[in-house]
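> Sharing a structure below in structure tokens format, with a few things to ask.
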Number of protein chains: 2
Amino acid sequence: MPQPHEILFRTLADPTRRAIFERLCRDGDQTVVALTARAGVSQPAVSKHLGVLKQAGLVRDRHEGRNTHYSAELGALAPLIDWTNQMTGFWKSRFDDLEDLLKRMDQ
Amino acid sequence: MPQPHEILFRTLADPTRRAIFERLCRDGDQTVVALTARAGVSQPAVSKHLGVLKQAGLVRDRHEGRNTHYSAELGALAPLIDWTNQMTGFWKSRFDDLEDLLKRMDQ
DNA sequence: GCGATCGATAACTCATTGGCTATTGATGAA
DNA sequence: TTCATCAATAGCCAATGAGTTATCGATCGC
């Protein structure tokens with residue numbers, strides 16, 4: 001399977017899609033109409049974005065009569081956090097290596 | 001000005017570009033030829049990616065004779081970390097609000 | 001000085017994708 | 001039952017952008 005952060009970066013790169021996700025994080029559960037009202041794009045566009053977000057595991061949907069409620073799935077952000085930690089961690093490793101080297105030279 | 005995380009998501013969405021950045025994080029300073037050797041794409045493509053990364057503040061370049069060395073600028077990742085913290089933070093806020101509400105109902 | 005290498009730019013192609021309108025299936029209200 | 005609303009799908013279009021080859025200025029080694 002592809003690295004878990006791959007799909008997250010790709011999914012969150014689009015501003016409209018990210019705005020929808022942010023809205024769900026800020027305000028919780030939302031129906032498609034509610035989201036469409038503020039998205040600045042058509043309802044089908046919103047539905048498509050929600051489909052992509054769902055595919056990435058970033059949202060869940062819950063059917064209630066003829067309404068569909070979407071909500072953010074914050075746990076799905078974990079690979080993103082892991083990735084940044086790893087990137088900054090690599091630097092620390094190299095720094096530690098340098099420290100070790102200097103220590104060894106000192107002896 | 002555009003939100004600082006906007007350009008980061010857009011820049012890091014491309015796998016080839018992200019791989020170049022990861023390589024710089026892992027192994028530090030690299031010339032364009034060295035990066036091209038492992039990138040799986042042509043040298044002009046690598047140069048273009050480095051230009052985009054530089055525009056986003058994610059890398060710095062250092063000229064040394066006819067070689068150009070690039071290095072990762074980890075501080076540029078801060079807005080990404082802030083963004084994820086904010087998203088998860090929103091959830092906590094809503095949870096706190098709910099707690100407050102329940103408390104008030106309890107009285 | 002001369003040929004070779006480094007890295008950036010130009011010009012182009014092609015696939016991807018985000019947007020739209022139209023439509024349809026499903027549910028709720030009258 | 002009938003009409004309206006919700007949300008997803010289909011089909012299309014235009015813009016974006018990642019890749020290519022060709023080239024060019026600059027620097028190094030001989």
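> Measure off 7 Å from each Cα along the Cα-to-Cβ vector at B:L74 and A:Q86, then give the distance between these two points in nanometres to one decimal.
The answer from the label model is 1.5 nm.
> Round to a whole angstrom and tell me the spacing of the C-alpha centers of region A:1-68 and region B:1-69.
Region A:1-68 and region B:1-69 have Cα centres separated by 30 Å.
> Order A:T11, B:T68, most accessible first, counting only protein heavy atoms with a 1.4 angstrom probe.
Descending order: B:T68, A:T11.
> While we're here: What trypsin sites (Lys or Arg not before Pro) in region A:11-67 are in a loop by DSSP, with at most 11 other Cβ atoms within 10 Å of the Cβ?
Working: sites: A:R17, A:R18, A:R23, A:R26, A:R38, A:K48, A:K54, A:R60, A:R62, A:R66; in loops: A:R66.
Passing sites in region A:11-67 are A:R66.
> What nm distances, shortest first, do you get from the label point of A:Q86 to those in the other copies when the point sits 7 angstrom along Cα to Cβ?
Distances between equivalent label points, in nm: 2.5.
> Once the Cα atoms of region B:1-52 are picked out, what are the Rg and Dmax in Å?
Final numbers for Rg and Dmax: 11.6, 36 Å.
> Tell me the distances, shortest first, between A:Q43 and the same position across the other copies, using label points 7 Å along Cα→Cβ, in nm to one decimal.
Distances between equivalent label points, in nm: 5.6.
> Which Rg and Dmax, in Å, describe the Cα atoms of region B:1-96?
When restricted to Cα atoms, region B:1-96 yields Rg and Dmax of 15.8, 58 Å.
> Distance from a point 7 Å along Cα→Cβ of A:E22 to each backbone N in region B:1-42: keep the residues under 16 Å and list them by number.
What the label zone holds, given the 16 Å backbone N cut-off, is B:1-11.
> In terms of modelled amide H atoms, which long-range or inter-chain residues lie less than 5 Å from the amide H of B:V59?
Residues meeting the criterion, in which the H sits 1.01 Å from N, are B:K54, B:E73.
> Okay, moving on. Using a 1.4 Å probe and counting only protein heavy atoms, arrange B:V46, B:V33, A:V32 so the residue with the most accessible area comes first.
Result, largest first: B:V33, A:V32, B:V46.
> Further question on the same structure: Along the axis that rotates chain B into chain A, which residue of chain B has the nearest beta-carbon, and what is the gap in whole Å?
Whole-Å result, nearest residue of chain B to the axis: B:A13, 2.
The values are calculated or read from the model by the stated rules, or taken from the named source; none is laboratory data. Everything numeric in this text was worked out from a predicted model, so none of it was measured. FYI the Cβ positions are ideal-geometry reconstructions off the backbone, even for glycines, and counts take in every protein chain you see. For accessibility, only protein heavy atoms count, side chains too; no ligands or nucleic acids. Shrake-Rupley method; radii C 1.70, N 1.55, O 1.52, S 1.80 Å.
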